[in-house]
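**Q** First the structure, then my questions, so here it is.
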Amino acid sequence: ALELIDFKNALEQFHDLVEKMIIQKTKERSGLYTKDDDEIDYVKFYRTIRTLFGPAVKDQDVQTFFSKVMSNPEERPEWPEIFGCFTGESVGMSSPSKENMIFLVSEKQQITHSVVKRKDVIKGIVKVPLLHFTVTASQKGVLTVFNKKRKSFFSYSFYFHQAPTWINGCDFLPNLKYVVAVTESTVILWDYKPKETQSDGFVIKPMKNCMLCVCTVTMADDLAKDTILMGDDRGYIYLLTITSDDFIMKQSKDREESQFKALDSESFDIPKRKLHDDWVGKIRYFSSLKCFGSCSTDSNNSFILDDIKRLEDHLPVKEFSVPKGVNAFTYCGKANVIVTGG
């Protein structure tokens, strides 16, 4: 507690120092500043930072922060930058990460393989710890599985084989061993496992609304099925259960240009419930709580946390309201808290 109080006091003094620097630089530009003993140059700034934070800051971060303030005082940097956060690192740096008295920053690893092309962005990243996988989905339809254990990766460019559409989210089906992704009007099930032939999978279509996010409901009661939750652009939450038999029984007569076979969405029982009055930005299932969480920019029903049974019985749900809604959230089991960001 004492260390926390000391850090808060140091941080207040740091903010005062930066404010004086901004006023000084502003006066210099307007020609109203006259040098005196209170002038803050780099040497004085450096010594003050060392007094406030000690060895927790690096020389290069102090220099970078000082240069940012002096070059553009209108857009002041955030205080974590003085500790090296938010700043780029050299690709060649491979020294082991050291503990910092303020932050614990793990060493970063860069993936050099280019899995997306220019003007494309990653829309979803999911870790699968048991299989040492990391699954990514790009907006323009590149699904990729990175295998950390084997130090390899394999991907499928869905965009090039289907009608152009954006992928909005992805997850992994642990029982069926498929990658699931949602687009504006379809649900993609990709059989990522490498074969002698090309990758294949299934597409559930058409979905009436635009699917914006997806997550897996992790349950180990049945190894032959997986359950997923989805959110759309009208505030609805969907509950979809997929079994291995569905891949055989519910195939559509429509032929796809690729190896992806079509599954008729009308043949699935997909309970849904309108829980938000705006887009569903994110959805997750917390197995330790046996609840799902969903968020929206809706100011009235900003965050929902309840049992997935509420999607079928339509009983009141536990909701949380925030002005202008919630954009992101996460759960920490160790502290037993949920944190939201608006």
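**Q** If you scan the range 236-270, which residues turn out to be part of a helix (DSSP H, G or I), modelled with pLDDT under 85 and either loosely packed, with under 15 Cβ neighbours inside 10 Å or outside the structural domain of Tyr178 (by the TED database) (or both)?
**A** Ile248, Met249
**Q** Condition first: free of Cβ contacts under 8 Å to residues at least 40 places away in the same chain, closer than 15 Å to Cys213 by Cβ, buried (at least 20 other Cβ atoms within 10 Å of the Cβ) and under 21 Å from the mean Cα position of the chain (by Cα). Can you find one or more residues in the range 287-296 that meet it?
**A** No; the residues of the range 287-296 include none that is free of Cβ contacts under 8 Å to residues at least 40 places away in the same chain, closer than 15 Å to Cys213 by Cβ, buried (at least 20 other Cβ atoms within 10 Å of the Cβ) and under 21 Å from the mean Cα position of the chain (by Cα).
**Q** Can you name the residue in the range 58-87 that is of a type in the set (Gly, Ala, Ser) and within 21 Å of Ile23 (Cβ to Cβ) and is also least open to solvent (accessible area, probe 1.4 Å) among such residues?
**A** Among residues in the range 58-87 that are of a type in the set (Gly, Ala, Ser) and within 21 Å of Ile23 (Cβ to Cβ), the one least open to solvent (accessible area, probe 1.4 Å) is Ser67.
**Q** Sticking with this structure for a sec: Can you confirm whether Leu173 is modelled with pLDDT of 85 or more, within 27 Å of Cys215 (Cβ to Cβ) and either open to solvent by 40 Å² or more (accessible area, probe 1.4 Å) or over 17 Å from the mean Cα position of the chain (by Cα) (or both)?
**A** Yes, satisfied.
**Q** Can you pull out every residue in the range 100-127 that is crowded, with 18+ Cβ neighbours inside 10 Å and at pLDDT 75 or above?
**A** Those that are crowded, with 18+ Cβ neighbours inside 10 Å and at pLDDT 75 or above: Lys123, Gly124, Val126.
The values are calculated or read from the model by the stated rules, or taken from the named source; none is laboratory data. Keep in mind that this is a model prediction, so the values were computed, not measured. FYI the Cβ positions are ideal-geometry reconstructions off the backbone, even for glycines, and counts take in every protein chain you see. Just the protein is used for accessible areas: all its heavy atoms, side chains included, with ligands, DNA and RNA removed. Shrake-Rupley method; radii C 1.70, N 1.55, O 1.52, S 1.80 Å.
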